[in-house]
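Working notes for the structure below.
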Amino acid sequence: MPASSSPRPVAYLDHGATSWPKPEQVVHAVTRALTDLGGNPGRGAYAMALAASRAIFESRRTCAELLGVPDSSDLIFQPSCTAGCNLMLKGTLKPGDRVVVGSMEHNAVARPLEHLARTGIEVVVVQGDRTGLVDPDDVEREVRAAPTRAVVCQHASNLTGTIQLIGDLADIAHEHGALMLVDGAQGAGHVDVDIGVLGVDAYATSGHKGMLGPQGVGLLYLSPDLDVRTQVEGGTGGGGSESPDMPIERPDRYEAGTANTPGIVGLGAGAAFLIAEGARQHRRETELVYQLIEGISQIEGFRVLGPPAGAPRVPIVSAVHERLEADRIAFALDRTYGIAARAGLHCAPWAHRTIGTVDCGAVRLGVGWGNTSEHIGLALRALREIVTS
Amino acid sequence: MSGRPLRTFAVLGFATTHTALAAEQLLRDLGVPVTPIPAPASIGNGLCGIALRLEPGDVERADTLLERAELRVAARGDIEDV
Ligand SMILES: Cc1ncc(COP(=O)(O)O)c(C=O)c1O
């Protein structure tokens, strides 16, 4: 049994869902937002509202620096990556458009596209291979086949950890006059993201996963020339209030409603932490993932999904066992060993279908900040015991 | 009431709080003193809530610096000291 009645796990291995714990700087920033930055940002010019506005301004700049966004006003705060994906897709696509999308997408992209397909948008799905990789040649074949408005692809898979070849896909999209729209929920914070270099037209990401911020905040980059229709209209503060239309200037155009100051400020602290520590953190994650894949592969009956050990991936390792269901494994990890991991379809039925695990699901171990080699050792020992008991 | 004559300041207005704060930071960093104030209705509408107040004598230099940084001034006017 876990050592105490606290719900805190002995080893937290669900970073694919959300990161925990957060760096101290993030906790402090959120606390400070609640204690000292209580005014409504962008809505007043008295000292405390101004301080909140400034903190959001700084956070945006820091996030832009981390992600290689040249002009930080092109980086929009969103309530989640899901909201960002919805805006990026619904704000750019219209009936009659054709979209080419990889088959590894999370429901944050799959469901909006299924919805758009019912409104007259043609959605062409390109199958990934058994490791979860979407082959750019397959995408090019589809993009060539008919006029295409956009190529949509995740940066990395939340099931297999596979890193997609976004730069190549962006080149293909642009060669054929299409946009490149990316769900980067599992990319940002775990791999170096330089949006300028990737050359994408839009990139949505979560604030609370690899970016180490709190839940309830996400980011959406929109390239300066991309005209995206607003999906939420409302107050943006300021003296333009009498206008019936949303302002055309970014970021206000896409940020109606009071901002999530604690979330945004916490995210900025996470981004600052990654600017300083990211390279070291990525190295450590790579080592731990290698240890995990090697270890699981040696336990009888387990098959690790995704790229082989040593091949590039974000720090997510999913596996299936030939006899034991994934949910039973995850339950035993939690109940008996105090290890937090997630079983099931991970909101990604498309991806499970692609790699042939939609009927059984998988148990997923997501590695991230705060994990140690001991955590991996505990998880491996627990898995060994679970399958032999 | 003191008999001190009211001073006139220049005011620059911006479309977004983001631009206003970017302008504030830039001008301060480059030695142009500015004070954020609630955007006065008199300088126009369609502006964000924060405007920058500065000495009339600094406006020309501020304009040059802002233009170079591609920070657009959306409205301008004067305000009397309060
Ligand atoms: C690949 C991918 N896309 C999108 C999302 C959605 O992120 P959020 O829950 O922060 O909206 C997730 C989260 O699990 C994800 O893994």
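Taken as a whole, the condition of being buried (at least 23 other Cβ atoms within 10 Å of the Cβ), closer than 20 Å to A:V26 by Cβ and either in contact (Cβ under 8 Å) with a residue 24 or more places away in the chain or more than 10 Å from the ligand (Cβ to nearest atom) (or both) applies to A:H190.
Residues that are more than 14 Å from chain B (Cβ to nearest Cβ) and more than 24 Å from A:R149 (Cβ to Cβ) were ranked within the range A:211-253; the one that is surrounded by the fewest Cβ atoms within 10 Å (Cβ to Cβ) is A:G234.
Just checking, which of A:A29, A:A83 is open to solvent by 10 Å² or more (accessible area, probe 1.4 Å) and within 14 Å of the ligand (Cβ to nearest atom)?
Within the list A:A29, A:A83, the selection yields A:A83.
Number of residues in the range B:15-34 that are aliphatic (A, V, I, L, M), at the interface with chain A (Cβ under 8 Å from one of its Cβ atoms) and in contact with a Lys or Arg (Cβ under 8 Å, 6 or more places away or on another chain) equals 2. Considering the range A:6-25, and only residues there that are over 15 Å from A:R342 (Cβ atoms) and not in a loop (DSSP other than H, G, I, E, B), the residue that is least open to solvent (accessible area, probe 1.4 Å) turns out to be A:Q25. Scanning the range B:35-59 for residues that are closer than 17 Å to B:A69 by Cβ and open to solvent by 10 Å² or more (accessible area, probe 1.4 Å) yields B:D58, B:V59.
A single member of A:A83, A:A52 is in a helix (DSSP H, G or I) and touching a strand residue (DSSP E or B) at 6+ places or on another chain (Cβ under 9 Å), and it is A:A83. Restricting to the range A:331-357, and then to whatever is in a helix (DSSP H, G or I) and away from the ligand (no atom under 16 Å from the Cβ), can you tell me which residue is least open to solvent (accessible area, probe 1.4 Å)? If we take residues in the range A:331-357 being in a helix (DSSP H, G or I) and away from the ligand (no atom under 16 Å from the Cβ), then A:L333 is least open to solvent (accessible area, probe 1.4 Å). For the range B:72-82, the set of residues classified as within 12 Å of the chain's Cα centre (by Cα) and open to solvent by 30 Å² or more (accessible area, probe 1.4 Å) consists of B:R72, B:V73, B:A74, B:R76, B:D78, B:I79, listed by residue number.
Among the criteria (1) touching a Pro at 6+ places or on another chain (Cβ under 8 Å); (2) touching a residue at least 12 places away in the same chain (Cβ under 8 Å); (3) part of a loop (DSSP other than H, G, I, E, B); (4) more than 16 Å from the ligand (Cβ to nearest atom), the one A:G39 does not fulfil is (1).
I'd like to check something: does the range B:21-34 contain any residue that is buried (at least 22 other Cβ atoms within 10 Å of the Cβ) and touching a Gly at 6+ places or on another chain (Cβ under 6 Å)? No: zero hits. B:R76 falls short on exactly one of the conditions (1) more than 24 Å from A:P244 (Cα to Cα); (2) more than 13 Å from chain A (Cβ to nearest Cβ), and that condition is (1).
Those residues that are under 23 Å from A:P95 (Cβ atoms) and in a loop (DSSP other than H, G, I, E, B), I need them from the range A:113-146; list them, please. If the condition is that a residue be under 23 Å from A:P95 (Cβ atoms) and in a loop (DSSP other than H, G, I, E, B), then A:R118, A:T119, A:G120, A:I121, A:A146 are the ones that fit.
The values are calculated or read from the model by the stated rules, or taken from the named source; none is laboratory data. A quick note: this is a predicted structure, and the numbers were derived from the prediction, not measured. Quick reminder, even Gly has a Cβ in these numbers, built from the backbone with ideal geometry, and neighbours come from all protein chains shown. Heavy atoms of the whole protein, side chains included, go into the accessibility calculation; ligands, DNA and RNA do not. Shrake-Rupley method; radii C 1.70, N 1.55, O 1.52, S 1.80 Å.
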